[in-house]
């Protein structure tokens with residue numbers, strides 16, 4: 001039986017996966033929320049890492065305490081670097097490039113093919129290419145253009161390199177499947193501090209203070225909701241197709 005560890009940073013990124021798991025048991029791996037499920041062909045652990053490479057690496061290391069895994073899968077949302085990518089599009093990584101160094105991690109070819117077949121069954125717009133793992137959110141179109149030029153990546157995320165490194169240490173294969181949240185042209189508001197990076201939950205008081213100080217921020221935040229729903233929908237369709245094949 002295949003043992004698969006799936007890592008996503010935030011609860012809203014975990015929900016599309018949880019929808020398609022059966023006989024789920026909620027548990028914890030060290031400091032990280034986790035869900036365990038068994039199908040006829042696969043044992044699945046879903047682990048919520050929190051935001052950032054360091055937290056993701058710690059979560060992946062904690063997963064090793066649950067036994068040997070065949071594959072570590074990094075998933076969730078990503079920011080587009082390629083101008084053709086739209087919210088909800090799926091990216092299947094050929095490799096994850098470290099923004100802070102020249103290191104990179106190749107993904108498992110067999111799982112990539114499996115993911116492409118699932119994406120095709122789900123009728124998703126899908127792009128295969130390199131992703132870059134950044135220590136910070138890229139909030140401007142200019143920053144995204146620079147990252148694309150320097151890395152050759154089609155999209156950016158913040159956890160994959162930590163998960164890939166832990167996979168290599170554990171002797172597990174590695175894959176990365178991400179749904180696009182924001183386009184290459186999207187300008188994001190980086191002045192607020194109202195998302196807990198560990199849990200991904202909204203810090204309501206911080207959000208209220210931010211909106212009071214910058215009333216225009218509310219319209220910007222509301223405009224992000226359709227993007228989040230599109231990314232969730234892309235993940236939902238993909239994992240529905242992928243996990244139905246394993247049911």
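The values are calculated or read from the model by the stated rules, or taken from the named source; none is laboratory data. Not measured: the values here are computed from a predicted model. Using ideal geometry, Cβ is built from the backbone for each residue, glycine included, and neighbour counts are taken over all protein chains shown.
Look at (1) surrounded by fewer than 18 Cβ atoms within 10 Å (Cβ to Cβ); (2) touching a strand residue (DSSP E or B) at 6+ places or on another chain (Cβ under 9 Å) and you find that residue 122 fails only one, number (1). Scan region 47-64 and give yes if some residue there is in a strand (DSSP E or B), within 27 Å of residue 233 (Cβ to Cβ) and modelled with pLDDT of 95 or more, otherwise no. Looking through region 47-64, at least one residue is in a strand (DSSP E or B), within 27 Å of residue 233 (Cβ to Cβ) and modelled with pLDDT of 95 or more.
The set of residues from region 1-18 being part of a loop (DSSP other than H, G, I, E, B) and modelled with pLDDT under 95 comprises 1, 10.
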